[in-house]
Amino acid sequence: MHTRSVTTASTVLSSIFFTLQLVSLACSCFLYFTPDTSSTQREVITRLYHKDLWRHLRRSNSLSTHSLIAVGVQAGLVPLTVCLLVGITKKRRFLMLPWLTVWGLGLVAGIVGAVLCVIK
């Protein structure tokens, strides 16, 4: 009984994560196709970047480059999340390993990046 509830909770949480990942992928695709619109630039650039960079980012093509990188990363992570869901539902542990490896390394890289930003 206890194992079934853990499996159900893992499946639900992974499904929510997968849904959020698909939504962010769709938003990044939308941002990639509409970076030249002035309203998009005003909303995105002023919220994500420091004020010193606003003029440079409006004149350059950096917003579409950043969104293309986001699309690539998210598209690479979607199959790993599908493997995670299949591994949980079919009780195949080896399918969960790629997701755990990539997100574990990403967590370490994020912490190191945050520390390096603070040190600078």
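Let's test the formula: R0 of 25 Å, r as the Cβ-Cβ distance of Arg93 and Ser24. What FRET efficiency results, to the nearest 0.05?
Details: r = 27 Å, r/R0 = 1.08.
Step by step, r from the Cβ atoms, then E = 0.40.
Where does each of Trp54, Trp103 land when they are ordered by accessible area, with a 1.4 Å probe and the largest first? Numbers along the way, then the final one.
Numbers: Trp54 70, Trp103 90 Å².
Ranking Trp54, Trp103 by accessible area, largest first, yields Trp103, Trp54.
Would you list the P(r) distribution for the chain, with all Cα-Cα distances sorted into 5 Å bins from 0 and each bin expressed as a whole %?
Cα pair-distance distribution for the chain, in percent: 2, 10, 14, 16, 15, 14, 12, 8, 5, 3, 1, 0.
In terms of Cα to Cα distance under 20 Å, which lysines are near enough to Lys120, apart from those fewer than 8 places away along the same chain?
By straight Cα distance, Lys120 reaches Lys51.
So if each residue of separation counts as 0.36 nm, and I subtract the Cα-Cα distance between Val6 and Arg55, what length gain in nm does that give? Show your work: numbers first, answer last.
Values: separation 49, 0.36 × 49 = 17.64 nm, distance 5.05 nm.
Difference between extended and current length: 12.6 nm.
Once whole DSSP H runs in the chain are found, which of them have Cα atoms spread over 30 Å or more along the helix axis and a mean Kyte-Doolittle score of at least -0.5? Intermediate values should be presented prior to the final figure.
Working: long enough: 2-33 (47 Å, 1.10); 62-90 (42 Å, 1.41); 97-119 (33 Å, 2.15).
For the chain, where a helix must reach 30 Å along its axis and average at least -0.5, the hits are 2-33, 62-90, 97-119.
Rounding to the nearest 20 debye, state how big the charge dipole of the chain is about its Cα centre with +1 on each Lys and Arg Cβ and -1 on each Asp and Glu Cβ. Don't skip to the end; give the middle numbers.
Values: 12 positive and 3 negative charges, 41 e Å.
The dipole of the chain has a size of about 200 debye.
Can you sort Cys83, Cys117, Cys27 by solvent-accessible area, 1.4 Å probe, largest first?
Numbers: Cys83 45, Cys117 105, Cys27 80 Å².
Descending order: Cys117, Cys27, Cys83.
The values are calculated or read from the model by the stated rules, or taken from the named source; none is laboratory data. Only a predicted model underlies this, so the values are computations on that prediction, with no experimental measurement involved. Cβ coordinates were reconstructed from backbone atoms using ideal geometry, including for glycine residues, and neighbour counts include every protein chain displayed. For the accessible areas, the whole protein counts, side chains as well, though only heavy atoms, and no ligand, DNA or RNA atoms are used. Shrake-Rupley method; radii C 1.70, N 1.55, O 1.52, S 1.80 Å.
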